[in-house]
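Trainee: One structure, as structure tokens, below. Some questions next.
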Amino acid sequence: MRVEMNLQPFAEHYFEQVLALQVAPEQQNYVKNIADILQQLSEQQSAHLMMVDKLLVGFFVIDQHYPYKQELALNKAVLLRSFFVDQRHQGNGYGYQAGMLLKSYVSQLISDSDLLGLTVNCSNHAAQALYKKCGFKDSEVLYQGGPAGPQHIYSMELKSGSREIRSIT
């Protein structure tokens with residue numbers, strides 16, 4: 001039986017289910033607690049859900065304000081934050097399925113953006129492999145201010161002809 005992955009904006013009726021989402025213990029250094037993420041959302045950030053059929057399996061944030069402008073030259077970029085699959089649903093390919101939908105989803109959501117960027121901790125090899133498999137490219141620039149250490153900066157073109165994130169030198 002084939003499952004249907006769907007990405008959608010956060011809706012209040014999922015609030016309790018979203019609060020129950022958790023990452024595996026070994027991933028807790030890389031993703032904030034979900035209650036903190038929701039509480040700290042700014043006006044430029046929006047929460048989104050990964051749904052399989054009608055089951056909530058994951059979460060992410062799209063940030064229209066990219067805070068690393070001194071480190072990176074960004075042109076019409078948005079940032080993917082807090083992308084994770086609940087620990088009870090990991091190992092089913094849901095992260096990959098959601099990652100493969102991001103380009104289309106974010107392009108439709110924010111039509112004037114050319115790039116989707118993200119930071120991923122240098123020691124989070126599983127996430128790095130997933131992002132690369134989903135089409136993100138490593139800019140070869142490290143952000144040194146990550147809470148769990150240095151982070152790679154990855155990007156994905158949302159529109160053909162967009163230029164990837166490059167460092168300012």
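Trainee: Would you check if SER82 is among the polar types (S, T, N, Q) and over 14 Å from the mean Cα position of the chain (by Cα)?
Mentor: Taking the combined requirement at face value, the residue does not satisfy it.
Trainee: Starting from residues that are at pLDDT 95 or above and not in a loop (DSSP other than H, G, I, E, B), keep the ones in segment 15-34 and report whichever is most open to solvent (accessible area, probe 1.4 Å).
Mentor: GLU16
Trainee: Out of segment 93-104, which residues are in contact (Cβ under 8 Å) with a residue 60 or more places away in the chain and either open to solvent by 40 Å² or more (accessible area, probe 1.4 Å) or in a loop (DSSP other than H, G, I, E, B) (or both)? Break it down stepwise before answering.
Mentor: Initial filter on segment 93-104 (in contact (Cβ under 8 Å) with a residue 60 or more places away in the chain): 94, 97-98, 101-102.
Of everything in segment 93-104, those that are in contact (Cβ under 8 Å) with a residue 60 or more places away in the chain and either open to solvent by 40 Å² or more (accessible area, probe 1.4 Å) or in a loop (DSSP other than H, G, I, E, B) (or both) turn out to be GLN97, LEU101.
Trainee: Search segment 31-53 for residues that are without any contact (Cβ under 8 Å) to a residue 60 or more places away in the chain and pair each with any residue that is acidic (Asp, Glu) and surrounded by fewer than 17 Cβ atoms within 10 Å (Cβ to Cβ) when their beta-carbon atoms are under 9 Å apart and the residues are at least 6 apart or on different chains.
Mentor: From segment 31-53, the pairs are MET51/GLU4; VAL52/GLU4; ASP53/GLU4.
Trainee: Residues to consider are SER113, SER139, SER107, SER82; find the one that is open to solvent by less than 50 Å² (accessible area, probe 1.4 Å) and closer than 23 Å to ASP36 by Cα. Step through it out loud before you land on a result.
Mentor: On the way: SER113 fails: closer than 23 Å to ASP36 by Cα; SER139 fails: closer than 23 Å to ASP36 by Cα; SER107 fails: closer than 23 Å to ASP36 by Cα.
Of the residues listed, the single one that is open to solvent by less than 50 Å² (accessible area, probe 1.4 Å) and closer than 23 Å to ASP36 by Cα is SER82.
The values are calculated or read from the model by the stated rules, or taken from the named source; none is laboratory data. The structure presented is a predicted model; accordingly, all values stated were derived computationally and were not measured. Don't worry about glycine lacking a Cβ; one is built from the backbone with ideal geometry, like all the others, and counts go over all protein chains shown. Only protein heavy atoms, including side chains, enter the accessible area calculation; ligands, DNA and RNA are left aside. Shrake-Rupley method; radii C 1.70, N 1.55, O 1.52, S 1.80 Å.
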